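Please see the structure below; I have some questions.
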Amino acid sequence: MSSVRIGAVLSEGVSAVLDSMRLHLDNPRLQYMGCWSLVNMALEPTHKAALLSAGVVDVISDAMDRHVHEPKVQFRALFALINLVTVSGIIQPKTVENLIHRVVDATERFITYPDVAGRGCMVLYNMSLDRSNHAMLKTVQVPAVINRASELHTNDRLLKFVASSTACRLA
């Protein structure tokens, strides 16, 4: 996969991955590998649009909810969301609210895992790029969560940037 538009991804790949994830929800290995595929698919705008239209956010949410104590599933699910939450207005407001809570929960649960915490903070950072998310992000105290992660992982420069940028944006 790459950021190049691939016809087979649109005609077969999106439905194959999402249908497999829906069908095998109890299999953590399939869920984290499915999310890894979504990371790559969502790099290309037409693939991303197809994923969003096909209900990818619900599929990822289901995987995260079913495997709350699996850091590999949470890491890859969060990684996939980084690329998907940047499309403003496509995800319904109630879904956005639930997603923010889910991402904060995963980030806090695995805050000592640099990869998981970092990806969770990046999702929240990307969600803060849309002004319509600001009130909810403030309500669940996203800047405090991101700052805690940044303080725990002092060598992560990207996390420091995400923390300061998100805090400024939401101030």
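In nm, what is the difference between 0.36 nm times the number of residues separating Gln141 and Ala167 and their Cα-Cα distance? Please list the in-between numbers first.
Numbers: separation 26, 0.36 × 26 = 9.36 nm, distance 1.01 nm.
Fully extending the segment from Gln141 to Ala167 adds 8.4 nm.
Rounded to the nearest 10 degrees, what's the angle between the helix 28-41 long axis and the longest principal axis of the chain, both from Cα atoms, 0 to 90?
On a 0 to 90 degree scale, this one is about 90.
Note the listed values [x] 26, 17, 14; [y] 28, 20, 17; [z] 32, 22, 14, then indicate which one is semi-axes √(5λ) of the Cα gyration tensor in Å calculated from this particular structure.
The value computed from this structure is option [x].
Across the range 136-152, in residue order, what do the Karplus-derived ³J(HN,Hα) couplings come to in whole Hz, using 6.51 cos²θ - 1.76 cosθ + 1.60 with θ = phi - 60° and x for Gly and Pro?
Calculated HN-Hα couplings, in order: 5, 4, 5, 4, 8, 6, 4, x, 5, 5, 5, 5, 4, 4, 5, 5, 6 Hz.
To the nearest 10 degrees, how steep is helix 71-84 against the longest Cα principal axis of the chain, on a 0 to 90 scale?
Tilt relative to the chain: about 90 degrees.
Using only Cα atoms, find the angle between the long axis of helix 157-170 and the longest principal axis of the chain, and express it within 0 to 90 degrees, rounded to the nearest 10.
Once rounded, the angle reads 80 degrees.
Please arrange Leu124, Leu23, Leu170, Leu129 by counting, for each residue, the other beta carbons lying within 10 Å of its beta carbon, fewest first.
Working: Leu124 30, Leu23 10, Leu170 17, Leu129 14.
Lowest count first: Leu23, Leu129, Leu170, Leu124.
Per DSSP H run of n ≥ 4, the term is -39500 (n - 2.57); total these for the chain, divide by its residue number, and report the mean residue ellipticity at 222 nm rounded to 500 deg cm²/dmol.
Values: 10 runs with 121 residues, N = 171.
That calculation yields -22000 deg cm²/dmol at 222 nm.
No value in this document is a laboratory result; all are computed from the given coordinates. Bear in mind the structure is a predicted one, so any value in this text is a computation, not a measurement. A quick note on method: Cβ atoms are made from the backbone with ideal geometry, for glycine too, and the neighbour counts reach across all protein chains shown.
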